[in-house]
1. Against the definition (in contact (Cβ under 8 Å) with a residue 60 or more places away in the chain, over 15 Å from residue 400 (Cα atoms) and either assigned to a helix (DSSP H, G or I) or touching a helix residue (DSSP H, G or I) at 6+ places or on another chain (Cβ under 6 Å) (or both)), how does residue 499 come out, yes or no?
2. Which ranges mark the strands (runs of 3 or more DSSP E) fully within the range 69-171 that have 1 or more residues being more than 30 Å from residue 236 (Cα to Cα) and free of Cβ contacts under 8 Å to residues at least 60 places away in the same chain?
3. Inspect all residues belonging to the range 467-478 and state whether any of them is at pLDDT 95 or above, more than 14 Å from residue 535 (Cα to Cα), outside the structural domain of residue 206 (by TED's automatic domain parsing) and within 30 Å of the chain's Cα centre (by Cα).
4. Does the range 275-317 hold any residues that are part of a strand (DSSP E or B) and farther than 13 Å from residue 327 by Cβ, and which are they?
5. Taking into account only those residues within the range 285-322 that are touching a residue at least 12 places away in the same chain (Cβ under 8 Å) and farther than 19 Å from residue 533 by Cβ, which is surrounded by the fewest Cβ atoms within 10 Å (Cβ to Cβ)?
6. Out of all the residues in the range 21-38, is one or more in contact (Cβ under 8 Å) with a residue 12 or more places away in the chain and buried (at least 18 other Cβ atoms within 10 Å of the Cβ)?
7. Could you figure out which of (1) part of a helix (DSSP H, G or I); (2) buried (at least 22 other Cβ atoms within 10 Å of the Cβ); (3) in contact with a helix residue (DSSP H, G or I) (Cβ under 6 Å, 6 or more places away or on another chain) isn't true of residue 531?
8. Could you tell me whether the range 227-246 includes any residue that is surrounded by 22 or more Cβ atoms within 10 Å (Cβ to Cβ) and more than 30 Å from residue 593 (Cα to Cα)?
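The values are calculated or read from the model by the stated rules, or taken from the named source; none is laboratory data. All values reported here derive from a predicted model rather than from experimental measurement. Glycine also receives a Cβ, built like all others from the backbone with ideal geometry; neighbour counts cover every protein chain displayed.
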């Protein structure tokens, strides 16, 4: 019933269990009706048998259902799950969220969910105690996971008789749809993978290794269609094996069609972006596919190997995700996962829901746990809603206090650091930047954000306490890491200098020195990046905010060094986990996709003004850099669509701006002091919607109200 897949959503089941609601009026038939439920393991019961990331269970599978019937005469009847229900180990003979799904169509009783079915041979259901976990409905749930498009699987080559490799043409999160016919007991096995070996076999190294597959055993009743219920995987290639009913002989089943059905959250798309640089457009597509693959009922790291909610992505990629998708509801749900996973001492583990307990930095890294504080603040900035801040404030404080308990002289030294930075060794934990630098910087950012939150919520005493603590951390940070002679931090890596610059940790009067050090490092490395998962977003922001988007352009408009273009040049169709897209790393991770924020915020120039959260006040500040001749973007904010589109043509710079009702904006237009600025063919100062016009540092600053504008000024690169 309904179009939701993999439902209800995943949670930390010993704390919260979600339920789905359905309107059954369109499904009822005159006379008798029946209700049937099919259960699979999901993350509730990970037992293994094939590939698994971990093993663990929240208990035996069970269901809680309540049906409310209201008759025409006003009578109301409730039918619920109880010991009178009957159960059978049915056609689903194997299901594992990591290892796959087996469905034996011969074992599916015909009409099992119809009123006339004889279930006398089935077992009586066992009544379980009411779970201690809270049952929560749609207001706490993420948007449902649904089917979005079908990718046709095209045969590439036969490996052996009955075994063939198919190509979907795109690395995507899929559930297969198989149409086949053949003898009863014959089967089709479909194994997913992201890569191929040189001999054409699937290569599952990037998917975690081990076996994982869908297997459908035919009933032999003509044309049959199989669509799984409990297993999806990120992949591009499918190794399909057709097997006879009896080993060593018999007819093989025939495949009539095979598709990869793309599945992910039903969160609405929020943005559009394009520009004159084709590589940038392809980079956006690359990242967006990886985003789609990991937006489920939580934000996963990869759709195959782990499917876990690693938290650093939530805030580091928060802006990039929000420009592309309406994720307010999904972030609200996943904040509940973080709250449920928080330990009594205040620690927020690196993954939420915490299905398995990792060790060391893989459980406790400040750059990851900081999401519990930074995500609600981002939600406030993007939507103007303080609901998450209010709901989770006490837990957020406990995490800030936890970090303080781990500090020694203001310095926090544990964690993973700048994960997957580009150093001399294979990627993993930070190589180029001291872990203590990033951990302490996030200790500062978390503490400062608690102070800001407290002030916003009217908790003035807390605001003063955490503001003072933040200043103390800042002093300790600079004493430990800043070299006043060289004007850089610690090792002088891109991450080491960018993070304090963006977070406001750099001493007064030294910001230009630190920015110069970043630019120098990038240039000395041949315009190559080295920052990783934690640092790259801050590298982009440090350069863009410092007026050096030209450096960002030079780093990313290339394919000869590890980066986005490098991955595309080597055949990637979704963003990989490592900058060099090495085969031992996942080929479908969005964690390095921070440049999406730069595309929207800096190239096209759409941003929110902190003084008017939720896009009440808007900033339009396009950046024509490199050889770009045009860029355009739309963003569906909570107040309506914001559009910025600029074009350089015939010696003119033209900027089209559209603002939703009840908003104002500050528009920054590239222009020399005193240069004529027109709007709609007349002097901008005479336009009805223009509130003021001024000039500053090579640009015109125009204050406008809601509406649509077309500005034009002379242009010289």
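1. yes
2. Numbers: elements: 76-80, 92-96, 100-104, 134-136, 145-152, 154-160.
Filter on the range 69-171 gives 76-80.
3. Our first condition is that a residue be at pLDDT 95 or above; within the range 467-478, this holds for 467-478.
Remaining after also requiring more than 14 Å from residue 535 (Cα to Cα): 467-478.
With outside the structural domain of residue 206 (by TED's automatic domain parsing) added as a condition, the list becomes 467-478.
Right, trim to within 30 Å of the chain's Cα centre (by Cα) and you get 470.
Checked the range 467-478: at least one residue is at pLDDT 95 or above, more than 14 Å from residue 535 (Cα to Cα), outside the structural domain of residue 206 (by TED's automatic domain parsing) and within 30 Å of the chain's Cα centre (by Cα).
4. 275, 310
5. Looking at residues that are touching a residue at least 12 places away in the same chain (Cβ under 8 Å) and farther than 19 Å from residue 533 by Cβ, I get 296.
6. Looking for residues that are in contact (Cβ under 8 Å) with a residue 12 or more places away in the chain and buried (at least 18 other Cβ atoms within 10 Å of the Cβ), one finds none in the range 21-38, hence no.
7. Of everything listed in (1) part of a helix (DSSP H, G or I); (2) buried (at least 22 other Cβ atoms within 10 Å of the Cβ); (3) in contact with a helix residue (DSSP H, G or I) (Cβ under 6 Å, 6 or more places away or on another chain), residue 531 misses just condition (1).
8. Yes, there is a match, as at least one residue in the range 227-246 is surrounded by 22 or more Cβ atoms within 10 Å (Cβ to Cβ) and more than 30 Å from residue 593 (Cα to Cα).
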